[in-house]
Amino acid sequence: MADITVRKIRFTFEDPIDLDASEAELGEMLPALALSMTMPYLEPYLIRTMKVALKAITEPALVEDVRRFCQQEGHHYRNHALFNDQIRGQFDAAIADGLRGIEAAMEADYQRFSHEKSRRFNVAYAEGFEAMTCAGALAAAEHGAFDGAGLPGGEIWAWHMAEEIEHRTVAFDVFQHLVGSYPYRILAGAWAQWHYVSYIRRFALCMARGLGLKRKQTKTSPMHRKALRRYLHTWSPRYDPAKIEVPAGVQELLAKYSALAEGAAS
Ligand SMILES: [Fe+2]
Ligand SMILES: [Fe+2]
């Protein structure tokens, strides 16, 4: 069984988002805001997927991992929904409506996947998403960008990224247990990543339009290159998130948020 702690935390989002920042700073900020906008739709879909998977899982330890995964993701998206109210409120009504339209389209896609796609597809989507975001979280942890300093939303980023690393084995183990096909993991996972990232782009472009930004900033940093290397490793037939060494500082962060949480169950 993985070592996963459910931490019920609710953050408040009172510090104003500085949308008068430089174009370079906004170029860093918008993908993070876009990521947050996806969470109240993506994470409930992951939870629905795992609840269907639970009915077929025959390993008690994995059942418990999946339960904790679902509870962690539930706390994640509830905090992001609060943050997203603040994000929408920073823009004029037309852009806020534009964001709501993209949110509705994303929710419709994920409801359709839950109702019409196979368990095999949905489990592969979950693993594709989790592998990609864990790669990003690990790279951020290694580069000390984990505290979300400079990003609006404050501690939501450190807490969320640390828990993504903490539950990194669950979707992979469920996929291996119920599907187990390497080619399908790559094909369906890559499609899932394309689908998910296309929504990140739509949200970011909508916000960029609201800010009058002409084009998206595409500067790559050593952290982005590290994230790309980690992401490419997820395509290996030998990829196994259980074998990933957790970067320094992640356990300390998890301990910090355990202390902050209401009624943590470990
Ligand atoms: Fe999450
Ligand atoms: Fe996750």
Sum of -39500 (n - 2.57) over DSSP H runs of 4+, divided by residues of the chain (222 nm, nearest 500) = -23500 deg cm²/dmol
note = Rounded to the nearest Å, the spacing of the alpha-carbon centers of the stretch 12-55 and the stretch 178-228 is 13
Candidate lysines for bridging to Lys226, where Cα separation is under 18 Å - those fewer than 8 sequence places away on the same chain excluded = Lys243
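Could you provide, to the nearest whole Å², the per residue accessible area of the chain with probe 1.4 Å?
47
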remark   = Spelling it out for Lys8: with amide H atoms placed in the peptide plane at 1.01 Å from N, the residues 5 or more places away or on another chain with amide H under 5 Å from its amide H are Glu262
request  = Heavy atoms only, probe 1.4 Å: what % of the accessible area of the chain goes to carbon and sulfur, would you let me know?
outcome  = 54
request  = Quote the accessible area belonging to Trp157 in square angstrom, nearest 10, computed with a 1.4 Å probe and with ligands, DNA and RNA left uncounted.
outcome  = 10
request  = Output the direction-averaged projected area (hull surface divided by four) of the convex hull of the alpha-carbon atoms of the stretch 1-91, in nm².
outcome  = 7.0
query = Across 5 Å bins from 0, what is the distribution of all Cα-Cα pair distances for the chain, in whole percents?
reply = 1, 6, 13, 17, 20, 18, 14, 8, 3, 1, 0
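If you take every residue apart from Thr234 with its C-beta less than 14 Å away from the C-beta of Thr234, what net charge results, scoring Lys and Arg +1 and Asp and Glu -1? Mind dumping the intermediate values first?
Numbers: positive: Arg168, Arg185, Lys226, Arg229, Arg230, Arg238, Lys243; negative: Glu127, Glu130, Glu164, Asp240.
Local net charge: +3.
Under a Cβ-Cβ cut-off of 14 Å, what is the net charge of the residues other than Phe13 that fall near it, where Lys and Arg count +1 and Asp and Glu count -1? Provide the component values of the computation, followed by the final result.
Values: positive: Arg10, Arg78, Arg88; negative: Glu14, Asp15, Asp18, Asp85, Glu155.
Value of the local net charge: -2.
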request  = Work through the residues other than Tyr184 whose Cβ is under 15 Å from its Cβ and net out their charges, Lys, Arg +1 and Asp, Glu -1.
outcome  = +3
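Please work out the FRET efficiency for the pair Ser118 and Ser258, using the Cβ-Cβ distance as r and a Förster radius of 35 Å; give the result to the nearest 0.05. Numbers along the way, then the final one.
Working: r = 37 Å, r/R0 = 1.05.
With R0 = 35 Å, the Cβ-Cβ based efficiency is 0.45.
The values are calculated or read from the model by the stated rules, or taken from the named source; none is laboratory data. Quantities reported herein were computed from a predicted structural model and do not represent experimental measurements. Neighbour counts are summed over all protein chains in view; Cβ atoms, including those assigned to glycine, are modelled from backbone coordinates with ideal geometry. Each accessible area value is taken on the protein alone, full model and side chains, heavy atoms only, with ligands, DNA and RNA left out. Shrake-Rupley method; radii C 1.70, N 1.55, O 1.52, S 1.80 Å.
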